Amino acid sequence: MLAIRNAKNMETRKSLYPELLKITQKVVGYAGNVIPLLQKTTLSHLVALRDDLKRIVSLTHRVMDQTARRVLHGEEVPAEEKVVSLFEGCVLYQQARPYNGSDVPQ
């Protein structure tokens, strides 16, 4: 939500988070509904999708929890409990080789 990013003050920003969390919960619910449909598949690309969905749904629940705790309740979330990236470790989002500075996407 760009409104959160562009909010002029913390009070305005904080008031927008419940709606963001509500929307996120809906999306996570949709993703969670797909997982059981993929349980019996043996197609490798669908197995990979199912496994990615499980991991991302779990991480998103953690992000939602840490967001509510930090933003809405003013808690400090310990570093070891924080999720830094939903995509870290996901093959789909990793480069095949390190960027060396001379590679320019065309």
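Computed values, structure above
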item	result
Of all residues making up the stretch 2-42, the number that are over 19 Å from the mean Cα position of the chain (by Cα) and either more than 18 Å from Asp65 (Cα to Cα) or β-branched (Val, Ile, Thr) (or both)	14
Helices (runs of 4 or more DSSP H) wholly inside the chain that include at least 2 residues being surrounded by 14 or more Cβ atoms within 10 Å (Cβ to Cβ), of a type outside the set (S, T, N, Q) and at pLDDT below 95	10-37, 44-67
Qualifying residue in the stretch 28-37 (condition: more than 19 Å from His73 (Cα to Cα) and touching an Asp or Glu at 6+ places or on another chain (Cβ under 8 Å))	no
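The values are calculated or read from the model by the stated rules, or taken from the named source; none is laboratory data. All of these numbers come straight from a predicted model, not from anything done at the bench. Here Cβ is always computed from backbone atoms with ideal geometry, including for glycine, and neighbour counts include all displayed protein chains.
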